[in-house]
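Here's the structure we're looking at; comments come further down.
Coordinate-derived values only; no laboratory data. This is a predicted model, so every value here is computed, not measured. Here Cβ is always computed from backbone atoms with ideal geometry, including for glycine, and neighbour counts include all displayed protein chains.
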Amino acid sequence: MVSVTMLVAYLVIQVRLQTPLNTGTTLLELSLLAALVPVTCLLVYAFPDTGVNSKSMFLYALVLVLFVVWAQLIVSHFHAGGFESWSEGILYTVRDFSKLPFVLVLYSLCLLGLTAILVLVYNRSIDVVVYSAILLASSTFIFFDVQYISSTMFSLSGTLIIVYVMSASHDMAFNDQLTNIPGRHALEVDMKHLGRKYSMAMVDIDHFKKFNDTYGHDIGDDVLKLVASILKETTGGARAYRYGGEEFTIIFKGKHTEQVKEHLQSLVSQVHDYDMTIRNTKERPDDHDEGIKKRGKNGQASEIVNVSVSIGLADSTTTKHPEEVLKLADQALYKAKKTGRNKLCIHS
């Protein structure tokens with residue numbers, strides 16, 4: 001969506017703004033562009049579905065068309081004799097700094113500051129795209145009299161958008177969106193570059209289906225996130241992946257089972273000892289303030305639960321093929337689950 005806005009803005013610059021700013025409606029059209037481009041960039045937050053054929057894209061395009069029509073009406077009003085005294089009022093410019101009206105310079109800086117805060121707080125791809133688009137577009141409008149400024153800034157904006165799209169695509173392909181750790185695809189790629197010495201562990205959350213049925217899928221997702229966050233902190237040079245469902249995989253490069261078993265034993269203990277709080281949402285009042293008052297009272301106390309994991313471990317001493325090592329680790333995991341769970345079993 002942002003790329004569409006930037007493309008339309010650049011076309012307007014090339015078609016309508018190639019004459020001196022002090023002639024005709026050029027300055028007015030530049031001012032309208034400087035006012036509308038940041039707004040249309042920010043509108044992407046109102047349209048979460050960004051697919052090319054989506055309803056959101058259609059509505060976004062419709063808004064762009066309405067903005068263009070509105071801007072054309074403003075320009076037509078100027079031709080009819082309106083805005084004659086505006087150059088000394090709302091369109092006042094500080095020519096030593098910028099040919100753009102001063103109020104629009106302040107407006108651009110305020111929106112730039114707002115999007116910068118979004119980047120600092122959330123740091124999502126969309127935040128970075130919107131911030132960079134507004135930064136480069138505003139720089140173009142403020143310093144419009146600089147030679148080649150529009151072609152340079154808009155080309156840079158297009159390049160950055162391509163980079164951000166590629167980065168987001170890579171993240172979606174290789175990272176699990178729920179747990180925020182590498183997923184199955186990343187595991188398959190990394191398995192091709194393990195070298196000769198490595199260990200692989202299969203991790204499974206004990207009784208996860210029963211836990212899901214008892215507390216609901218939302219709490220089940222919280223359990224997956226919790227276990228993944230603990231797995232990410234595993235010591236010994238571990239790299240954790242979500243294998244699928246409630247199963248995870250851990251890889252230790254350059255180490256055999258004897259060198260990593262203590263780290264995995266510690267992992268089993270950490271997961272089991274973690275007290276997970278489940279709030280009693282069924283009995284919680286609809287009013288937020290009333291819920292705060294009753295928190296901790298009888299009938300409102302949160303439930304503390306613990307989850308555990310079983311781990312199967314194997315290394316490359318038996319076979320050099322990572323797929324076979326992973327199968328051996330899975331066999332060891334099966335043994336751990338059959339012999340009591342909440343433990344580590346090593347393939348011998």
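Out of [x] 1.43; [y] 1.19; [z] 1.10, which label holds the value of Cα Rg over 2.2 N^0.38 Å that was computed here? Computed from the coordinates, Cα Rg over 2.2 N^0.38 Å corresponds to [x]. Relative to the longest principal axis of the Cα atoms of the chain, helix 2-16 runs at roughly 20 degrees.
The residues neighbouring G340, those whose beta-carbon lies less than 14 Å from its own, together hold a net charge of +3 under the Lys/Arg +1, Asp/Glu -1 convention. Here the contact order of the chain, divided by its residue count and restricted to Cα pairs under 8 Å and six or more residues apart, works out to 13 percent. Charge tally for A228 (other residues, Cβ to Cβ under 9 Å; Lys, Arg +1; Asp, Glu -1): +2. What FRET efficiency comes out for the pair Q147/L106, r = Cβ-Cβ distance, R0 = 22 Å, nearest 0.05? So the FRET efficiency works out to roughly 0.30. Per residue, the convex hull spanned by the Cα atoms of region 2-174 amounts to 115 cubic angstrom. Exposure proxy for Y45, Y10: other Cβ atoms within 10 Å of each Cβ, ordered fewest to most, give Y45, Y10. Label positions at H170 and R184, each projected 7 Å from the Cα along the C-beta direction, are separated by 2.3 nm. Think of it as helices only: each DSSP H run of n ≥ 4 in the chain is worth -39500 (n - 2.57), and spread over all residues that comes to -18500 deg cm²/dmol at 222 nm. Fully extending the segment from A61 to I162, taken as 0.36 nm per residue of separation minus the present Cα-Cα distance, adds 34.3 nm. Packing-based ranking of 272-279, 129-136, 141-148 yields 129-136, 141-148, 272-279, ordered from highest to lowest mean Cβ neighbour count within 10 Å. On a 0 to 90° scale, report how tilted helix 257-273 is relative to the longest principal axis of the chain, with both axes built from alpha carbons and the result rounded to the nearest 10. Tilt of helix 257-273: around 80 degrees. Among E324, E247, sorting on how many other beta-carbon atoms sit within 10 Å of each Cβ, with the fewest leading, yields E324, E247. The mean sequence separation of alpha-carbon pairs under 8 Å and at least six residues apart, normalised by the residue count of region 184-346, gives a relative contact order of 31 percent. Exceedance of the 27 Å cut-off in Cα-Cα distance is limited, within the set K210/K335; K261/K335; K210/K320; K225/K320, to K210/K320; K225/K320.
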